[in-house]
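To keep things clear, I will list the structure first and then write my remarks on it.
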């Protein structure tokens, strides 16, 4: 687990240093909890996670502004997933819809075997701005090895999110 923490710290430092002199820039941290693999009764587990969104750096694409995102979650069965990728946000008043794609490294611990260390997480989050710097949200994701392993059991999860801009 110490290796996972070191990797997330390195990614966080890398992403937070880009355009650091921009006084109007900010970053977001998201804390979340939910149910890992809710659709598999035998593998279902509570998860806890943290995610860093770097608003200092973005890439303009046909999807909108893509922002780097890095995160980590752990389940009560000691499964771990560390990831980095990108997300974009579409706003409609106080509501936000945020899709993301984040490849990462998975360790099954005592939980579900996803059949490969390299897994891909696609997620959709819907959040509500409760202030200029805070949001609450709900997200759903699917983690899959894209048939890199012997088989591809995948995992579907949902989470409740608290997002804070700094």
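Since every read-out is calculated from the coordinates, none of them should be taken as a lab result. Worth saying up front: this structure is predicted, and the values here are computed from it rather than measured. For neighbour counting, all protein chains shown are included, and Cβ atoms are generated from backbone atoms with ideal geometry for every residue, glycine included.
Tabulated results
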quantity	calculated
Label zone at residue 160 (point 7 Å along Cα-to-Cβ), backbone N below 12 Å, the range 30-66	32-35
Average projected area [Cα convex hull, the range 74-166], square nanometres	6.3
Gap separating the Cα centres of the range 19-94 and the range 135-158, nearest whole Å	13
